[in-house]
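Quick notes on the structure that follows.
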Amino acid sequence: MARSARSPPVNPSKHEPQNRKRQRRPGAQAGIAQRRAQVGAFEALGAIAHAELQAEVDAEVLEAAKQAESQGTLHDGPKPSAATMFEDVYKEMPRHLREQRQQLGV
């Protein structure tokens with residue numbers, strides 16, 4: 001039977017004495033509680049900042065949409081002629097576009 005080239009994973013707890021308890025430095029529990037409170041405060045500030053930023057972006061998008069719609073939409077406003085969609089695209093119009101233009105009757 002061939003043996004695998006990999007060795008089995010090592011469990012570090014097997015190498016520690018059984019009667020040894022995890023030692024904590026004095027005041028560590030208070031430091032952890034303080035850090036959790038700080039993280040909670042930062043998360044709350046982050047949520048507030050996110051909501052403010054979202055409202056600001058929504059207002060900016062709404063203003064941009066109103067400005068764009070003032071120029072006209074697909075349903076109202078000036079409509080360019082079909083002939084203009086073939087202009088100013090290529091220096092020489094390709095054959096397939098010339099054929100499409102003729103099919104439109106332009």
Out of Q34, Q103, sole residue that is part of a helix (DSSP H, G or I), surrounded by 10 or more Cβ atoms within 10 Å (Cβ to Cβ) and not β-branched (V, I, T): Q34
Out of (1) surrounded by fewer than 10 Cβ atoms within 10 Å (Cβ to Cβ); (2) modelled with pLDDT of 90 or more, the one R20 does not meet is (2)
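The values are calculated or read from the model by the stated rules, or taken from the named source; none is laboratory data. Computed from a predicted model, the values in this text were never measured in an experiment. Cβ: placed from backbone, ideal geometry, glycine included. Neighbour counts: every protein chain shown.
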